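Worksheet: the structure to be examined is printed underneath.
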Amino acid sequence: MSTVAVPATRRSWRPDFWTLVAVGAWAILIVLLLIPLGLVLVSSFRDESGQLTIANWQRLFGSTRYFNAFINTLIVGFGGLAGALLLGSIMAFCTARIHIAGGRFVSMLAILALVSPPFIGAYSWIVLFGSGGLVRQTLMSWGIFMPPIYGVWGILIVFAFKFYPYVYLLTSGALANVNRSLEEAAENLGLTPFQRVLQISFPLVLPALSAGGLLALIHAIADFGTPRLLGRGFNVLATEAYTAYSAEIGSNLGMATTLSLALILMSMVFVFIQRFMSRKNVYHSTLINRPEKVRLRGFANVAAHAAVYFIALGGAMPAIIAAIYSVRKTNGPVFQPGFGLDSYRRIIATLGDVVWNSLLFSGASVLLIVVIGTLIGCLVARRNTAQTSLLDATLMVPYVMPGIVVGVAFIAAFNTPPLVMTGTAAIIILSVFIRRLPYAVRSSAAALRQVGPSMEEAAISLGYSPVQAFMRVTIPLILPGIIAGAMLSFVTAVNELSSSLVLYVGGTITMPVKIYIAINDGDYGTAASLSTILLVLSAGAIYLAFRLLGRDERALL
């Protein structure tokens, strides 16, 4: 009796939609993040002839020039942090606990300071307090000596007024949510106002304060434009990395990548310290009795209003100065008496391609950020696995990468086959995309965590595929958050300077790069008008984002 062998039934493995998203996300991170970073690491251990060496790291720790740059980076980082904490804490306490006339206007000034690029702030401070600055010359004509703003103190002043909104926006929200009953109980126990602040309010707002301070610290360390314009010999790691890369005689990519790695490591150390401190000191309060704002009288009221408006106007001053100088009459690069639209006419006649490049590159970057960031954000929010946790952690790396490092890493990765992109628009678009991707992932994941998965599960049980459920159920629910995130991404993309400065060529120059070049060439009229165009674009995007988000300023962070 013969038997017929029946082949065993084998079920072919078919990846579902979210598995494909995970594969795509890892492919993007490998190509645009891990490989460039790996080549940066390898390049730091090679000399100019390609031989393995530790000479670059020996120079980093042994050279007086680079050691000074390392120390200077810490000085501007912690100095900017101290200034931001001081100004931001004063603003937060006054606006959260005291009736300030025009409170919404003050808040908008803080947002204006936040969205204006740091190098525009440096330029405006030069216009007022530089060697030939308006305020400095006026004081000198009155016999009052005032040193120019160049050097370390100028950088710290610009950073304090530029980065204080990070502390203010986060801390004011935390102060408004402290349970008043705790402070009243402390008062009944005999604690002085100072003791109540130190022992009750401060521990409760410490996480927000440290998070805002960390943002200020990381941005101060990574900033390239301000030290470059105001430093005048006060070099930091970011400017040294750019100098090593762009040296007129023999670009030293190995030294540039070594300095870039030092910047990344420094930023990551501070991120881990902040997270450790936040987890170690956790305090909670119930929101059953919100604090009420008090009405001050007399000198105290005047002092509170003066402090708030001084900080707010100081932070927004760069935008105001840029707008005023953009409509001053010019003859070439020289300002003339009176007002006119000469600078804007020059931009229309000769720099239309620069404006177009910025809009095109930013639009393409935002499109990629929104589509891919939303998919990855949904994956992270909906699948709580070890693989998605690792993906989420990997996305923290671009968050702490300074722009100058991204530019150098992309040059190291895409200047030779198999994928050559240097000199193209694609390399600028992709550099902005990978740097801003973490923000979109976190904003979409946060929006999705507020929506339960039950509606998607119901759609799938009714016959929808996972893709159909995602497109027809999930996307409409979080669409306002996606559009608002797109607007905020556009603001950061259109103002990107550091990476674009390394990656641009003549045909791919953008507005921030042109502003930087115009300031260095003394063409302040062109710089002011281009800055104003950037600010108008940013303000329009912020207004649209607020309309969709319900005016939550903390979404800017």
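Annotation: residue 109 fulfils all but one of (1) more than 30 Å from residue 523 (Cβ to Cβ); (2) touching a residue at least 40 places away in the same chain (Cβ under 8 Å); (3) in a helix (DSSP H, G or I); the unmet one is (1).
Evaluate the following for residue 497: is it farther than 21 Å from residue 541 by Cα, in contact with a Gly (Cβ under 9 Å, 6 or more places away or on another chain), surrounded by 15 or more Cβ atoms within 10 Å (Cβ to Cβ) and aliphatic (A, V, I, L, M)? Please lay out each step first, then the result.
Working: farther than 21 Å from residue 541 by Cα: no; in contact with a Gly (Cβ under 9 Å, 6 or more places away or on another chain): yes; surrounded by 15 or more Cβ atoms within 10 Å (Cβ to Cβ): yes; aliphatic (A, V, I, L, M): yes.
No, not satisfied.
Tell me whether the stretch 185-203 contains one or more residues that are among the charged types (D, E, K, R) and either free of Cβ contacts under 8 Å to residues at least 60 places away in the same chain or surrounded by fewer than 14 Cβ atoms within 10 Å (Cβ to Cβ) (or both). Write out each step before concluding.
We begin by selecting, within the stretch 185-203, every residue among the charged types (D, E, K, R); these are 187, 196.
Cutting the leftovers down to either free of Cβ contacts under 8 Å to residues at least 60 places away in the same chain or surrounded by fewer than 14 Cβ atoms within 10 Å (Cβ to Cβ) (or both) gives us 187, 196.
Yes, because at least one residue in the stretch 185-203 is among the charged types (D, E, K, R) and either free of Cβ contacts under 8 Å to residues at least 60 places away in the same chain or surrounded by fewer than 14 Cβ atoms within 10 Å (Cβ to Cβ) (or both).
Note on the stretch 298-350: residues that are more than 24 Å from residue 115 (Cα to Cα) and within 28 Å of the chain's Cα centre (by Cα) total 0.
Entry remark, the stretch 500-517: residues being surrounded by fewer than 24 Cβ atoms within 10 Å (Cβ to Cβ) and more than 21 Å from residue 245 (Cα to Cα) number 0 in total. When residue 379 is tested against (1) open to solvent by less than 20 Å² (accessible area, probe 1.4 Å); (2) in contact with a Lys or Arg (Cβ under 6 Å, 6 or more places away or on another chain); (3) not β-branched (Val, Ile, Thr), only condition (2) is not met. All conditions but one from (1) touching a Leu at 6+ places or on another chain (Cβ under 9 Å); (2) surrounded by fewer than 13 Cβ atoms within 10 Å (Cβ to Cβ); (3) not acidic (Asp, Glu) apply to residue 339; the one that does not is (1). Can you pull out every residue in the stretch 245-263 that is open to solvent by less than 10 Å² (accessible area, probe 1.4 Å) and out of contact with any Ser or Thr (no Cβ under 7 Å at 6 or more places or on another chain)? Those that are open to solvent by less than 10 Å² (accessible area, probe 1.4 Å) and out of contact with any Ser or Thr (no Cβ under 7 Å at 6 or more places or on another chain): 255, 256, 259, 260, 263. Give me the pairs, please: first residue somewhere in the stretch 21-46 and farther than 15 Å from residue 375 by Cβ, second residue anywhere and at pLDDT below 90 and open to solvent by 70 Å² or more (accessible area, probe 1.4 Å), beta-carbon distance under 7 Å, and either six or more positions apart or on two chains. Going by the 7 Å Cβ cut-off, the qualifying pairs are 45/52; 45/54; 46/52.
Please give the helices (runs of 4 or more DSSP H) falling wholly within the stretch 19-98 in which 2 or more residues are more than 29 Å from residue 429 (Cβ to Cβ) and in contact with a helix residue (DSSP H, G or I) (Cβ under 9 Å, 6 or more places away or on another chain). Can you show your working first?
On the way: elements: 35-43, 55-62, 64-97.
In the stretch 19-98, 55-62, 64-97 are the helices (runs of 4 or more DSSP H) which contain 2 or more residues that are more than 29 Å from residue 429 (Cβ to Cβ) and in contact with a helix residue (DSSP H, G or I) (Cβ under 9 Å, 6 or more places away or on another chain).
Please verify whether the stretch 278-298 includes one or more residues that are of a type outside the set (Asp, Glu), at pLDDT 80 or above, farther than 30 Å from residue 524 by Cβ and part of a helix (DSSP H, G or I). Scanning the stretch 278-298 turns up at least one residue that is of a type outside the set (Asp, Glu), at pLDDT 80 or above, farther than 30 Å from residue 524 by Cβ and part of a helix (DSSP H, G or I). Residue count for the stretch 112-160 under the criterion of being touching a residue at least 12 places away in the same chain (Cβ under 8 Å), over 23 Å from residue 85 (Cβ atoms), hydrophobic (A, V, I, L, M, F, W, C) and in a loop (DSSP other than H, G, I, E, B): the result is 1. Which residues, counting only those in the stretch 138-160, are under 16 Å from residue 311 (Cα atoms) and surrounded by fewer than 24 Cβ atoms within 10 Å (Cβ to Cβ)? Correct list: 156, 157.
Quick grid of which residues meet (1) at pLDDT below 80; (2) within 14 Å of the chain's Cα centre (by Cα):
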residue: 430; (1), (2): no, no
residue: 433; (1), (2): no, yes
residue: 449; (1), (2): yes, no
residue: 452; (1), (2): yes, no
residue: 466; (1), (2): yes, no
residue: 470; (1), (2): yes, no
residue: 480; (1), (2): yes, no
residue: 484; (1), (2): yes, no
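Set side by side, the residues 131, 116, 172 differ, and just one is among the polar types (S, T, N, Q), at pLDDT below 85 and over 27 Å from residue 238 (Cα atoms), which is 172.
Restricting 88, 133, 77, 121 to residues that are over 17 Å from residue 167 (Cβ atoms) and open to solvent by less than 10 Å² (accessible area, probe 1.4 Å) narrows the list to 133. The residue that is nearest to residue 420 (Cα to Cα), among those in the stretch 43-55 that are in contact with a Leu (Cβ under 9 Å, 6 or more places away or on another chain) and open to solvent by less than 70 Å² (accessible area, probe 1.4 Å), is 43.
Candidates 121, 88, 143, 133: the one that is within 29 Å of residue 524 (Cβ to Cβ) and either within 20 Å of the chain's Cα centre (by Cα) or β-branched (Val, Ile, Thr) (or both) is 121. Contact annotation: residue pairs with Cβ atoms under 9 Å, 6 or more positions apart or on different chains, pairing a residue in the stretch 330-352 that is in contact (Cβ under 8 Å) with a residue 40 or more places away in the chain and in a strand (DSSP E or B) with a partner that is polar (S, T, N, Q) and open to solvent by 40 Å² or more (accessible area, probe 1.4 Å), are 330/336.
The values are calculated or read from the model by the stated rules, or taken from the named source; none is laboratory data. On a predicted model such as this, the values are computed, not experimentally measured, just so you know. Every residue, glycine among them, receives a Cβ derived from its backbone with ideal geometry; neighbour counts consider all protein chains shown. The protein model used for the area step is the full one, side chains on, heavy atoms only, and it has no ligands, DNA or RNA in it. Shrake-Rupley method; radii C 1.70, N 1.55, O 1.52, S 1.80 Å.
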